[in-house]
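Data block below; observations after.
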Ligand code: SF4
């Protein structure tokens with residue numbers, strides 16, 4: 001008898017993603033699938049619209065990292081309006097966008113750590129579900145909750161002052177930006193009353209990282225042995241190999257750290273990347289063309305970025321990076337739960353970058369926009385909080401969009417998330433016929449490490465309450481549990 | 001906190017001491033989670049909110065099925081598939097007051113740009129014709145039993161169930177959400193100054 005187990009985040013009715021685990025007749029896991037059940041169809045419905053609408057329109061795919069979509073679209077349109085690739089903007093144009101972007105990465109990483117993951121660390125992954133959530137954190141660890149809330153607020157303020165609005169702003173336009181940062185606005189962020197200033201944010205980022213490192217000391221086995229598997233790693237890096245979340249060249253390394261994509265120009269992304277369509281998910285499966293579907297898939301996001309880059313260009317994060325690298329003897333880190341560690345190093349880096357940018361007088365300059373000779377095609381790529389994000393647009397002579405292609409960060413992590421679920425399911429389900437509480441929690445934790453934004457590809461704000469059903473071949477339910 | 005906000009808070013804490021906690025539930029249908037993010041943008045007031053209300057089914061906690069009748073249900077997003085319709089009806093059955101939060105819930109929002117275009121064309125563009133799906137020679141389209149049925153159009157929530165309040169914005173301003181919730185919790189009139197209701 002073979003069984004099928006379906007896990008539906010946020011129940012049968014609400015989730016935008018769910019997991020099915022297929023069992024063979026020996027009660028071993030044969031296969032598992034993470035289904036993404038949302039479909040929007042923007043590739044088609046943006047056709048015919050004027051190109052300059054894209055940065056404000058397409059960000060509405062995702063309210064969790066709207067700035068990433070806003071900026072990736074703007075970068076693609078920079079190319080179209082003849083302002084070049086990434087480095088063609090005026091200093092104020094580029095730096096305002098960078099500030100906006102680091103504000104976004106900061107708030108998103110903070111949200112993930114404090115609001116989503118800290119309950120698992122504080123109450124244990126088997127902790128009482130009634131308190132294992134941000135409300136529990138607020139009631140039992142008020143200081144930590146306040147830190148999380150205020151750090152997120154700071155990131156959102158950075159976004160508001162650069163983009164005009166905390167969610168779905170309008171700051172970036174093709175060829176540049178529509179406002180600079182006034183001295184008053186700068187001082188609000190730089191010298192705001194505690195805790196709302198850049199210095200405090202750097203300190204609190206260090207504290208969050210220390211919190212994680214302490215946890216790691218006492219839970220090394222769990223963090224180091226859970227959902228570990230080799231993979232390629234993919235991101236953009238600055239031309240000199242430094243971590244750069246806003247602009248750079250495409251690089252991939254294999255599980256041993258050997259470069260397999262050599263710092264190439266992302267305008268040509270479609271000569272290196274292809275996507276497989278599977279009939280059981282609306283989310284496609286990207287892979288490196290040269291290595292094919294089987295071997296060419298890769299991980300993206302904080303862990304991958306720390307594996308691809310050579311160094312981090314801000315001093316405190318660089319120190320943390322060296323420690324991170326030393327843990328795996330300089331080799332790529334393939335441990336899924338180390339995403340959390342990597343994410344906190346990036347949080348620190350973002351706080352440092354925000355402080356550095358705020359001290360840069362270029363932000364008060366007035367030459368906001370660059371224009372040149374118009375082109376028909378543009379590709380914009382950046383590192384969103386969850387990984388590499390591609391936007392590709394083409395236009396006609398009437399300035400209407402004729403083609404739009406997006407590969408969002410979570411899509412890039414599709415295969416690894418499926419594998420992480422598979423590893424976890426095998427570890428907990430093989431030889432068992434009943435769904436255990438442990439297995440349900442573990443699958444949840446495995447998916448959450450990747451911080452999937454299934455909204456651009458659903459990302460439940462908090463936990464993913466799961467419903468598990470075991471179904472036999474005759475479609476009869478033989479076990480059902482929920483948590 | 002501005003003066004008016006702290007005045008509201010004061011009034012609120014006085015009132016709340018004399019009444020039971022209201023129960024709130026939230027969900028995201030065909031939305032982008034931006035409206036939920038805007039709820040979080042009430043910032044430190046979220047710590048007050050937790051003391052004032054009890055959360056039932058919501059993405060911010062672990063409650064998956066309604067465990068009781070809920071006072072206020074907040075809906076983000078319209079309906080683009082069969083699952084969205086099911087959840088919306090489930091919310092209507094279990095919530096005394098239902099709020100459409102944001103453009104998507106109120107009018108369909110960005111996802112409704114596909115209305116008027118046959119859904120096949122959207123699927124074809126995404127999975128068969130796009131520049132990076134080169135190898136989809138077998139012409140595979142997502143159609144598994146595990147996937148909910150797509151609706152031919154994206155529907156605003158009030159076309160599917162009765163909605164009691166509409167809070168506009170994309171997303172609605174955090175202060176609008178806060179003022180509306182405070183009014184509903186205390187039974188006072190909503191305080192809606194222009195800066196809070198206007199949006200781009
Ligand atoms: S109304 Fe705007 S912010 Fe809210 S779900 Fe829709 S697109 Fe997102």
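The values are calculated or read from the model by the stated rules, or taken from the named source; none is laboratory data. Everything numeric here is computed off the predicted structure, so don't read it as measured data. As a convention, Cβ positions derive from the backbone with ideal geometry for all residues, glycine included, and neighbour counts pool all protein chains shown.
Values as computed for the structure displayed
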quantity: Matching option when the condition is closer than 30 Å to residue B:20 by Cβ and buried (at least 24 other Cβ atoms within 10 Å of the Cβ), among B:110, B:101; calculated: B:101
quantity: Test set (1) more than 16 Å from the ligand (Cβ to nearest atom); (2) within 20 Å of residue A:411 (Cβ to Cβ) - residue A:90 fails condition number; calculated: (2)
quantity: Residues of segment B:114-138 classified as in a helix (DSSP H, G or I), surrounded by fewer than 20 Cβ atoms within 10 Å (Cβ to Cβ) and within 16 Å of the ligand (Cβ to nearest atom), total; calculated: 0
quantity: Criterion violated by residue A:188 - all others in (1) over 30 Å from residue A:373 (Cα atoms); (2) within 12 Å of chain B (Cβ to nearest Cβ) satisfied; calculated: (2)
quantity: Residues of segment A:305-323 satisfying the condition of being buried (at least 20 other Cβ atoms within 10 Å of the Cβ) and within 21 Å of residue A:231 (Cα to Cα); calculated: A:305, A:306, A:307, A:308, A:309, A:321
quantity: Positions within segment B:12-69 being modelled with pLDDT under 85 and more than 10 Å from every other protein chain (Cβ to nearest Cβ), in sequence order; calculated: B:12, B:13, B:14, B:15, B:16, B:17, B:18, B:19, B:20
quantity: Residue A:149 vs. criteria crowded, with 21+ Cβ neighbours inside 10 Å and either more than 8 Å from chain B (Cβ to nearest Cβ) or outside any helix (DSSP H, G or I) (or both); calculated: no
quantity: Any hit, segment B:108-127, residues being at pLDDT 90 or above and away from chain A (no Cβ under 13 Å); calculated: no
quantity: The one condition in (1) crowded, with 16+ Cβ neighbours inside 10 Å; (2) away from the ligand (no atom under 16 Å from the Cβ); (3) within 14 Å of chain A (Cβ to nearest Cβ) that residue B:182 fails to fulfil; calculated: (3)
quantity: Segment B:73-97: number of residues that are away from chain A (no Cβ under 11 Å) and out of contact with any helix residue (DSSP H, G or I) (no Cβ under 6 Å at 6 or more places or on another chain); calculated: 7
quantity: Count of residues meeting criterion [outside any strand (DSSP E or B) and more than 16 Å from the ligand (Cβ to nearest atom)] in segment A:50-64; calculated: 2
quantity: Residue selected from segment A:170-185 under the condition out of contact with any strand residue (DSSP E or B) (no Cβ under 7 Å at 6 or more places or on another chain) and crowded, with 23+ Cβ neighbours inside 10 Å, by the criterion nearest to the other protein chains (Cβ to nearest Cβ); calculated: A:172
quantity: All positions within segment B:18-58 that are in a loop (DSSP other than H, G, I, E, B) and away from the ligand (no atom under 16 Å from the Cβ); calculated: B:18, B:19, B:20, B:21, B:43, B:44, B:56, B:57
quantity: Checklist (1) within 14 Å of chain B (Cβ to nearest Cβ); (2) surrounded by fewer than 21 Cβ atoms within 10 Å (Cβ to Cβ); (3) touching a helix residue (DSSP H, G or I) at 6+ places or on another chain (Cβ under 8 Å) applied to residue A:50, failing item; calculated: (3)
quantity: Subset of segment A:279-288 [in contact with a helix residue (DSSP H, G or I) (Cβ under 9 Å, 6 or more places away or on another chain) and at the interface with chain B (Cβ under 8 Å from one of its Cβ atoms)]; calculated: A:281, A:282, A:284, A:286
quantity: Hey, residue A:132 at the interface with chain B (Cβ under 10 Å from one of its Cβ atoms), buried (at least 19 other Cβ atoms within 10 Å of the Cβ) and not in a helix (DSSP H, G or I) or not; calculated: yes
quantity: One residue from A:384, A:342, A:404, A:326 being at negative phi and assigned by TED's automatic domain parsing to the domain that holds residue A:208; calculated: A:342
quantity: Complete set of residues in segment A:250-269 that are surrounded by 19 or more Cβ atoms within 10 Å (Cβ to Cβ) and either out of contact with any strand residue (DSSP E or B) (no Cβ under 8 Å at 6 or more places or on another chain) or within 23 Å of residue A:71 (Cα to Cα) (or both); calculated: A:250, A:251, A:252, A:266, A:269
quantity: Scan of segment B:146-200 for residues that are part of a loop (DSSP other than H, G, I, E, B) and at pLDDT 90 or above, ordered by number; calculated: B:156, B:160, B:161, B:162, B:163, B:164, B:168, B:169, B:170, B:171, B:172, B:173
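Here is a yes/no grid of residues against (1) within 14 Å of the ligand (Cβ to nearest atom); (2) assigned to a strand (DSSP E or B):
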{"position": "B:79", "(1), (2)": "yes, yes"}
{"position": "B:92", "(1), (2)": "no, no"}
{"position": "B:98", "(1), (2)": "no, yes"}
{"position": "B:111", "(1), (2)": "yes, no"}
